[in-house]
Amino acid sequence: MTEFPTEPPSASIPERAGDTTPESPWPLRVLSENLKRYFERAPEAWIEGQLIEANIRGGHAYLTMRDLDVEYSLSLTVWSSVLRGLDAKPEVGSRVVARVKPSFWLKNGRLSMNALDLKPVGIGDLMVRLEKLRQALFDEGLFAPERKKKLPFLPQRIGLITGRDSDAEKDVLRNAALRWPGVTFEVRHTAVQGVNAVSQVIAALKELDAHPDVDVIVIARGGGSFEDLFPFSDEQLVRAVSAANTPVVSAIGHEADRPILDDVADLRASTPTDAAKRIVPDFLEETSRINHARDRMELALTRFLEREARSLESLRTRPVMAAPEGMVNVRREDLERLTARSYSAVTHRLRRDTDAITHLRTQVRALSPQKTLDRGYSVVQRAEDLSIVRHPEDAPSGASLLIRLAGGKITAVSEGEPPHGN
């Protein structure tokens, strides 16, 4: 209270609240007057909420306004001068905005909140706010298709958030059980309208999202007025759904109702009944599909076997299969013919090459030095180095000679070149 201005201090009254002591207290009037001046300096403020009490006595209205999201309430007084100027009298359950200012009564020390103006929030105003929020969340990317999680084909357990004993709960449970008799639910009952709806639905959503067996969560309500469905457009709830790890199905109202929850949910069902049809498959339909698939597979297999049997029969009746040894015989005859041709060709070539070798041998022998010697010729060599004597000067007189004859060798001594004319 040290910020309060005080009345001009007297000699015995402390100037500031912090200076008071048991021996030197403030008179009560000083505190009351300081409080009054403090509250009178507070500015006017516009606030929004829902009226939960409205009593009109003596021309004045005594109201209780509650916050739209949390359990906070505030008493308001609307004096007759203000009440007469309002377009509509305050009604319990209506959503209003009020221009308020605090007032402190000196006589009894009571603080009251005076409403200087009071306006109902119309459907049009709410729709404008809702569309602005919807556009802001869209721009943020909360509605992007790539953020949508795919629902499981057959959930192990389904989480259901709905009102207690509501038609929405009965529709979801009944229709889901009709489609898949073994389906199981984890149900959480919450308020689905009013100030407690948002907080309770968020708490139930977080609980089911953390449940290890819950594969999909359905938030269901059986329609209602625009104001009744407004909690399902609350930003806190929308962000909680966006942050959930488990796929969420929105099943709020009917075809014409579209709260923001529909945009952020992974799947929008037009009604609770539609949600039940889309979260579990139809047992009879799936059984029919399995039977149909089995019949198609059986027919395809039968046709395949018949086709392959015809192919085998066609192959079996071909000549090559009727008398397979014929193919071997043909190849054997070809092999024998080719073998004979190869043998004949090799034999002819060997005979021809043998004759050529014999002819060449005869030629070589005819040209050999021995044949020359056999015809009466001889080869004269110097005895000292066995060099061939080709000219008379190669064997001067007295040189020792070696003479090679056809039948052997003899030695001789050269007498030199004979006289001319011999």
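Annotations for the structure displayed:
- Cα extents of the stretch 43-121 along the three principal axes, largest first (Å): 34, 29, 23
- For the set K150/K206; K149/K206; K36/K89; K170/K206; K148/K206; K148/K277, the pairs lying more than 27 angstrom apart at their alpha carbons are K36/K89.
- With contributions of -39500 (n - 2.57) from each DSSP H run of at least four residues, the per-residue ellipticity at 222 nm computed over the chain stands at -13000 deg cm²/dmol.
- Ligands, DNA and RNA left out, the 1.4 Å accessible surface of the chain is 55% carbon and sulfur atoms.
- Local electrostatic count at A406 - Lys and Arg +1, Asp and Glu -1, tallied over other residues with Cβ under 11 Å: +3
- For the chain, the longest principal axis of the alpha carbon atoms and the long axis of helix 167-179 meet at an angle near 30°.
- Surrounding net charge for D266, when Lys and Arg each add one and Asp and Glu each subtract one, Cβ distance under 13 Å: +1
- Electrostatic tally near Q156: other residues with Cβ closer than 10 Å to its Cβ, Lys and Arg +1, Asp and Glu -1, net -1.
- Inter-site label distance for E140 and S397 at 7 Å from Cα along Cβ, in nm: 14.6 nm
- DSSP bridge orientation in the chain - percent antiparallel, rounded to nearest 5: 70 percent
- Residue-normalised convex hull volume from the C-alpha trace of the chain: 599 Å³ per residue.
- Among 55-62, 294-301, the peptide with the highest mean count of other Cβ atoms within 10 Å heads the list, and the full ranking is 55-62, 294-301.
- Chain lengthening between H292 and A203 when straightened (0.36 nm per residue, less Cα-Cα): 27.6 nm
- For the chain, the per residue solvent-accessible surface stands at 64 Å², with DNA, RNA and ligands left out and a 1.4 Å probe.
- In this simple spin-label model, placing a label point 7 Å from the Cα along the Cα-to-Cβ direction at both L130 and V328 gives a separation of 9.1 nm.
- Degrees between helix 197-209 axis and first principal axis of the chain (Cα, 0 to 90, nearest 10): 30 degrees
- Distance between the 7 Å Cα→Cβ label points at Q370 and K150: 10.1 nm.
- Note on the stretch 127-281: percent of Cα-Cα distances in each 5 Å bin, starting at 0 and stopping at the bin with the largest distance, equals 2, 10, 21, 25, 22, 13, 6, 1, 0.
The values are calculated or read from the model by the stated rules, or taken from the named source; none is laboratory data. Just so we're clear, the structure is a prediction, and the values are computed from it rather than from any experiment. Cβ: placed from backbone, ideal geometry, glycine included. Neighbour counts: every protein chain shown. The protein model used for the area step is the full one, side chains on, heavy atoms only, and it has no ligands, DNA or RNA in it. Shrake-Rupley method; radii C 1.70, N 1.55, O 1.52, S 1.80 Å.
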